[in-house]
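Working notes, beginning with the structure itself.
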Amino acid sequence: MASVGIAGIASLFRDANYRKIWATGMGSGISRWLEMLASGIYAYAVTGSPFLVALLAIARLIPLVALGLLIGTLADRFSPKRFMISGMALGTVMSTIVLLAFIFDVASYGLVLFSAFVAGIVWSMDMPLRRRMIGDLAGRDRLVTALSFDSATNHSTRAIGPILGGILYEFLGPGGAYALVAVCYLIGLVNIARVEDKRPAQSAIEDRTGIVADFREALTLVANNSDILRILLVTVAFNVFALPFLSMIPVLGSETLNLSAGWVGVVAGIEGMGAFFGGLAIAMYNPSIGLRRFYFFGVALYLVCAFTGGFITMLLPMMFAVLGIGIGTGGFSSMQSTLTYSVAPPHMRSRLFGLIVICIGTGLIGVANMGLMAEWFGAPMAVRIVAAEGAVALLALGFGWRELWNKQHR
């Protein structure tokens with residue numbers, strides 16, 4: 001069965017457009033997670049405030065809430081490639097400005113905070129644009145393989161980015177880290193610009209409806225379909241109660257484990273390694289356990305490991321906890337794109353991806369919650385409280401979800 005998965009991955013890479021879209025995701029992924037770690041270390045070093053570290057994550061998530069559905073709607077009407085080019089260009093310019101600020105010693109927390117907001121704008125384009133393009137290229141027969149492999153390799157950037165960021169930060173300072181951020185965005189820009197755009201500039205949907213009507217159509221679909229609604233709400237639960245753990249890694253590493261910047265990067269990178277191997281296994285074997293179960297129980301595993309991590313004060317046990325978190329992320333994230341693409345009507349796929357992006361953006365609530373609790377109770381206790389809250393929310397979502405427990409549903 002593995003050979004089938006490998007053959008499917010090989011067939012995808014024979015398509016030059018797939019290679020370029022995939023490479024764009026790798027470049028933007030490395031830059032995203034590298035910048036997240038470097039900005040967190042810098043912010044904690046200059047402010048000493050866990051909440052101001054968490055505020056960087058909030059700034060990244062605001063554009064997802066504000067722009068997710070709009071970008072998805074426009075992508076259902078026009079070519080996603082054009083929007084992707086503008087996003088990669090924006091990321092390249094902003095990271096270059098921050099790099100120059102560090103070179104000339106005029107950088108500040110405020111500038112890094114604004115750059116995090118711009119990074120969020122670029123991030124908000126990935127799912128409704130780039131992953132929609134991958135799904136269209138792959139077709140239904142290769143959909144799970146294509147999106148799971150893309151998710152898995154993109155998760156590898158969660159290891160590559162923080163590790164490189166921690167090393168560069170330790171030896172070259174924050175300027176060295178932002179230099180690589182700029183290079184990665186530039187690579188993504190070059191690759192996406194070379195993708196052959198076979199989609200018409202305007203689709204038939206533009207002649208039938210307006211943007212407001214498109215919004216209403218997508219929201220009506222969700223309101224009338226409990227399965228899609230729960231898929232979206234699991235994403236909300238993950239981003240409000242699970243993902244904020246990552247924003248505390250610089251604090252836990254510096255304060256609880258007494259690690260250098262390089263070792264903080266290693267701990268953060270282990271999460272990406274776990275997510276990579278978990279997602280890769282799904283892409284290669286395409287197991288029949290059910291897409292929704294990987295999706296749901298991936299979040300459950302994350303929460304259990306995050307809760308455990310709140311008690312840990314030694315490096316090696318923390319690395320194992322973070323590895324478990326990564327494996328849970330791999331199961332959840334691999335299925336997120338696949339489920340979204342599968343359940344959406346073809347003419348509404350980008351809009352449903354846009355709603356997923358908005359759900360991801362709700363993580364700003366979780367990050368704010370985590371940051372405030374870390375200020376009041378300390379980072380370890382904050383991690384335990386938020387993970388426990390997430391477990392309650394997840395149990396409520398799983399109760400009565402027929403498609404989750406029905407073996408006939410993939």
For the range 202-253, how many residues meet the condition of being among the charged types (D, E, K, R) and at pLDDT 85 or above? 2
Identify all residues within the range 130-144 that are touching a Leu at 6+ places or on another chain (Cβ under 9 Å), open to solvent by less than 20 Å² (accessible area, probe 1.4 Å) and not small (Gly, Ala, Ser); write none if there are none. Arg131, Ile134
If we take the range 351-410, then helices (runs of 4 or more DSSP H) inside it with 1 or more residues that are out of contact with any strand residue (DSSP E or B) (no Cβ under 8 Å at 6 or more places or on another chain) and among the polar types (S, T, N, Q) are 363-377
Would the range 164-177 turn up any residue that is at pLDDT 90 or above, hydroxyl-bearing (Ser, Thr, Tyr), surrounded by 15 or more Cβ atoms within 10 Å (Cβ to Cβ) and part of a helix (DSSP H, G or I)? no
Qualifying residue in the range 60-74 (condition: assigned to a helix (DSSP H, G or I) and of a type in the set (D, E, K, R)): yes
I'm told Thr73 meets every condition in (1) touching an Asp or Glu at 6+ places or on another chain (Cβ under 7 Å); (2) at pLDDT 85 or above except one. Can you identify the failing condition by its number? (2)
When you scan the range 366-378, do you find a residue that is closer than 25 Å to Glu403 by Cα and open to solvent by less than 10 Å² (accessible area, probe 1.4 Å), even just one? no
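When the residues of the range 301-339 are narrowed to those that are in a loop (DSSP other than H, G, I, E, B) and among the β-branched types (Val, Ile, Thr), which ends up surrounded by the fewest Cβ atoms within 10 Å (Cβ to Cβ)?
Looking only at the range 301-339, we keep the residues that are in a loop (DSSP other than H, G, I, E, B), and these are 310-314.
If we keep only those that are among the β-branched types (Val, Ile, Thr) too, we end up with 312-313.
Numbers: Ile312: 19, Thr313: 11.
Among them, the one singled out is Thr313.
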Does the range 275-289 include one or more residues that are in a helix (DSSP H, G or I), at pLDDT 80 or above and open to solvent by less than 40 Å² (accessible area, probe 1.4 Å)? yes
Failed condition for Ile160, given (1) more than 25 Å from Trp263 (Cα to Cα); (2) modelled with pLDDT of 75 or more; (3) open to solvent by 30 Å² or more (accessible area, probe 1.4 Å): (1)
Of the residues in the range 107-129 that are among the hydroxyl-bearing types (Ser, Thr, Tyr) and in a helix (DSSP H, G or I), the one that is most open to solvent (accessible area, probe 1.4 Å) is Tyr109
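The values are calculated or read from the model by the stated rules, or taken from the named source; none is laboratory data. Keep in mind that this is a model prediction, so the values were computed, not measured. Positions of Cβ are backbone-derived with ideal geometry, glycine not excepted, and every protein chain shown enters the neighbour counts. Ligands, DNA and RNA are excluded from the accessible area calculation, which covers all protein heavy atoms including side chains. Shrake-Rupley method; radii C 1.70, N 1.55, O 1.52, S 1.80 Å.
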